[in-house]
């Protein structure tokens with residue numbers, strides 16, 4: 001569909017990428033990754049025809065349609081949400097209007113006349129095309145997409161200008177999905193979506209009939225939506241087959257292979273140079289010396305590109321709190337006549353890492369504000385445990401910062417024992433590099449100040465952290481630093497996030513906020529989804545009564561909390577039946593099984609290569625090298641065969 005040949009692009013004096021050859025085919029599902037500022041969004045704009053190339057060429061198939069969604073900045077006015085989405089079908093709507101006109105004319109013309117036959121023929125052909133293009137289901141299509149992206153039916157009739165910037169971007173995304181261009185180009189499409197909408201978009205893209213290219217800092221989203229990954233790094237675009245996880249594995253493999261090839265070439269160069277230096281001045285060896293000099297000159301030198309800097313930062317641990325960190329008993333919260341939460345009871349214990357999930361407007365932010373104590377309860381009681389120190393990171397946390405202070409000076413006040421190098425490394429992780437660290441906080445954008453506020457919070461954490469959307473405005477490297485810090489954090493964390501990978505890695509329990517109630521699920525988000533999809537497993541587990549009684553509920557049977565936790569009695573009831581494996585875990589094991597089989601095939605080929613190499617004697621050193629390589633490969637093969645057998649048995653038992 002679209003072909004880039006020797007493509008290159010600059011941004012002012014900075015070269016973003018060069019020598020890019022890429023054919024975008026009709027069924028591509030590609031993700032573009034790379035550090036901030038490497039040119040990901042620019043490449044997407046080149047494909048959309050918004051930006052031109054500085055080098056090379058772009059050719060496209062005639063008649064191809066592209067649809068581009070920027071990160072933000074779109075504003076829609078003048079229509080209702082539903083009308084705005086229906087504008088995508090302007091051609092079909094015109095066709096529908098003509099059909100109505102033709103139907104009216106047919107009712108007025110003599111059925112025996114030639115004019116009637118002409119009108120009827122036109123109506124028949126037009127109706128066939130209208131049906132083929134699913135014209136009678138336009139409203140249903142629009143309703144399905146709007147519902148999937150989080151718009152309730154009461155929102156469909158509202159004017160687009162009534163919505164915030166994030167919701168405006170959802171409307172723009174809905175229009176693109178309904179339009180179904182041949183090439184869909186999405187720049188951070190999940191930025192403004194909650195988890196439920198992201199899950200819906202993942203399923204939608206899996207069945208999308210054409211090609212798409214997207215940029216995302218959501219690892220899980222990339223894993224389930226793309227089968228090709230492009231990395232912009234070191235002014236080059238590198239291609240990898242598979243999703244983000246496969247990209248990471250292949251990148252490590254490529255690096256290992258490149259380093260091995262580099263070492264082998266260096267050995268070869270040293271041998272040639274040693275021969276040249278030894279026999280340079282011997283007339284009898286002049287021909288051989290010249291031959292080796294020419295070989296050196298012809299040799300294409302292998303270069304090892306610099307490694308991307310990986311930052312690890314040790315954050316100070318807080319003083320311990322009591323075992324019980326906080327407790328809700330029959331808590332309710334209302335804003336005037338609107339009830340947000342009612343009859344909510346739960347206990348949070350030391351070391352819990354709790355993810356709050358639920359659709360937008362369900363009450364997640366309200367719940368986290370109640371936990372901070374910044375919002376009063378309407379009814380019920382809230383007790384904070386012994387020695388508990390709360391710290392709250394809000395979506396607008398930057399408003400609490402001193403706008404006059406420079407970043408490096410302000411953060412040094414928080415962590416005076418850290419070196420400036422450590423602090424600059426940390427700021428670099430959160431995308432503040434070079435001279436950015438000397439900027440006053442007041443000149444930063446809202447997103448930049450939020451990023452800085454998060455880095456600042458982590459340097460001096462309390463033992464009970466309440467984080468509302470901490471992953472907003474972070475790239476993958478910053479998310480990894482935050483995740484590593486929170487995984488080693490010895491205090492208690494309650495957080496709201498729309499990043500599936502982040503929740504899966506961090507959460508030990510999931511609190512689902514819905515219909516004014518809070519339902520508690522053990523485990524991470526995968527476990528939560530599995531229990532939601534298998535209500536029989538959930539219903540067989542005990543109710544909240546036991547936890548509520550220990551929480552001081554005095555046996556109140558009307559509690560709305562549902563605690564999904566295994567007990568010995570539940571295990572006894574199910575031990576008699578073979579346990580079906582978590583389908584997500586089963587899929588992961590099957591994927592690993594395929595990877596092991598591929599590795600075994602490669603190792604067997606490598607072993608055959610070693611055996612072949614040992615058949616020809618070159619030198620004692622070369623023979624020793626082949627023997628060591630053969631022994632290493634055989635050992636690795638034995639380990640992989642054992643792993644393959646274990647995984648295969650587990651898969652067979654779990655299905």
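Observations, loosely collected:
- In units of the rule-of-thumb radius 2.2 N^0.38 Å, region 86-128 shows an alpha carbon radius of gyration of 1.28.
- Taking max minus min of the alpha-carbon positions on each principal axis, region 188-290 gives extents of 79, 23, 20 Å, largest first.
- Order of 127, 638 - criterion: other Cβ atoms within 10 Å of each residue's Cβ, fewest first: 638, 127
- Over region 249-298 - Rg/Rh using Cα atoms and the Kirkwood inverse-distance radius: 1.24
- The modelled label-to-label distance for the pair residue 53/residue 339, using points 7 Å beyond Cα in the direction of Cβ, is 6.3 nm.
- On the beta carbon distance between residue 488 and residue 323, with R0 = 25 Å, the FRET formula returns roughly 0.80.
- Shape category assigned to region 75-152 from the gyration tensor of Cα positions, a/c cut at 1.5: prolate
- The spread of Cα positions in region 215-270, taken along each principal axis and listed from longest to shortest, comes to 47, 21, 14 Å.
- 13 Å reach of a label modelled at residue 101, 7 Å along Cα-to-Cβ, counting backbone N of region 108-136: 123
- Sequence ranges 106-118, 265-277, ranked by mean other-Cβ count within 10 angstrom, highest first: 265-277, 106-118
- Gyration tensor analysis over the Cα atoms of the chain returns equivalent ellipsoid semi-axes of 48, 41, 29 Å (largest first, whole Å).
- At R0 = 22 Å, FRET efficiency that the Cβ-Cβ distance of residue 116 and residue 94 yields, to 0.05: 0.45
- Least to most buried among 519, 238 (fewest other Cβ within 10 Å first): 238, 519
- Paired Rg and Dmax values of region 583-654, which use every Cα atom, in angstrom: 16.3, 54
- This ranking places 490, 42 by how few other beta-carbon atoms lie within 10 Å of each, fewest first, which gives 490, 42.
- Spin-label model distance (nm) - residue 153 vs residue 261, 7 Å beyond Cα toward Cβ: 6.1
- Length-normalised contact order of the chain in % [C-alpha pairs under 8 Å, at least 6 apart]: 12
- Packing, taken as the mean count of other beta carbons within 10 Å per residue, orders the peptides 141-152, 639-650 from highest to lowest as 141-152, 639-650.
- A Förster distance of 35 Å, applied to the separation of the beta-carbon atoms of residue 621 and residue 409, puts the FRET efficiency at 0.05.
- Over all projection directions, the Cα-based convex hull of region 109-168 averages an area of 6.6 nm².
No lab work stands behind these numbers, since they all come straight from the coordinates. What you see is a predicted model, and the numbers here were worked out from it, not measured in a lab. Because the Cβ atoms are built from the backbone with ideal geometry, glycine has one as well, and the counts that use them run over all protein chains shown.
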